[in-house]
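Below is one structure, written out as structure tokens; comments come after it.
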Amino acid sequence: MQSLTAHDHCAPQTVIFAVQWEAGLIRFMSRVSHSGFTAILITSKQEKMPLRPMSEPETFEMTQAHFALLSKTGDAHKYSYGHAVVIAGPAGQGGAARLAARGALRIGAGLVSVVCDMTALAEHASQLNAVMVKPYASQAVFRDLVMSLKPKAICIGPNLGLGADARAQVSQVMAMDLPLCIDADAITVLADRSHALPFAANPQSVMTPHEGELRRFIPEAFNQTSCRVTLAQCAADKAGCTVLFKGPDTVIATPQRRPVIVSAKRFMHTGWLATAGSGDVLAGFVTGLLARGFDAPLAASVATELHFSCAQAFGPGLIAEDIPEMLAKVLR
């Protein structure tokens, strides 16, 4: 008998939850308490494999040691803090990539580049200064251009698109064996079973889904559980990397590691993060930290808390463009 203690990230009304695996039959027994009534529920169903034990997640809160890791020393130079590369989508859809790039730059990556199709060059160049713009003339030279930049981390997905070019870029980037932030459309591309694509070749990668994207990536798991921790763990095991499952209680799961919760409940204004582009900035924060050499689970945890802290620092009226600009205040 394997016992699992439920918590408020899984099922608020479930007090005791246990699983018994016997000869291909999985039996669920739970004690449910509601309005003073307690009942024991026993159900059985066939499963292909046993539900694995779920570790009780730990709560992450930033300390002075974390802020010290974010500091920069006077004897270093920009190359000491890594080159973060953001892959942009088609012309006219580059705002998400620019937001991610701004986030990566603000969080301390030494250099940040946006890689885009030549047709989108003017769009990006007219709105970016410290962020470099690197255009490619055709898909045939895309991989060589990205590799020539010697990136320490790559962000792929924000408004990338779902067509053949996007699928090819996801496949090529994931084969580069570099730390990645896999976001938005890249997650949907990976979830499309009609096209064979590799999952994260580099375990120091972070996938950053919201619920809809995660549901597409692991639909079977959603049919079996609503526990956010279990869902994040299933996705991490499938992808072979850290998964940052976005939400008020963000779940960060990594294969063979204890899951982490970064809660927004300590902050008053995180509701204002429900705005277009907010997730793109978060992806940029993650990418910038990966470029700086942060371990993937730590990069995901720190990026999430700083994202919440920026919303708290700005307050009501926050839009995505405000988030990177609040980071300097938060880091002080």
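Descriptive notes on the structure:
- One residue from LEU306, LEU289, LEU318 being surrounded by fewer than 24 Cβ atoms within 10 Å (Cβ to Cβ) and assigned by TED's automatic domain parsing to the domain that holds MET62: LEU318
- Here VAL131, VAL146, VAL141, VAL85 are screened, and the one residue that is free of Cβ contacts under 8 Å to residues at least 60 places away in the same chain and either outside the structural domain of ARG258 (by TED's automatic domain parsing) or under 21 Å from ARG167 (Cα atoms) (or both) is VAL141.
- Scanning the range 59-109 for residues being modelled with pLDDT of 95 or more, of a type in the set (Gly, Ala, Ser), surrounded by fewer than 16 Cβ atoms within 10 Å (Cβ to Cβ) and at negative phi gives a total of 5.
Residues are listed down the side, and each one gets a yes or a no for (1) on the phi < 0 side of the Ramachandran plot; (2) hydrophobic (A, V, I, L, M, F, W, C); (3) surrounded by 17 or more Cβ atoms within 10 Å (Cβ to Cβ):
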site	(1), (2), (3)
VAL115	yes, yes, yes
GLU123	yes, no, yes
MET147	yes, yes, no
MET176	yes, yes, no
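- Residue in the range 267-280 that is among the charged types (D, E, K, R), in contact with a Leu (Cβ under 7 Å, 6 or more places away or on another chain) and touching a residue at least 12 places away in the same chain (Cβ under 8 Å) present: yes
- ARG215 in contact (Cβ under 8 Å) with a residue 24 or more places away in the chain and among the basic types (Lys, Arg): no
The values are calculated or read from the model by the stated rules, or taken from the named source; none is laboratory data. What you are looking at is a predicted structure, and each value in this text was computed from that prediction instead of being measured. Cβ: placed from backbone, ideal geometry, glycine included. Neighbour counts: every protein chain shown.
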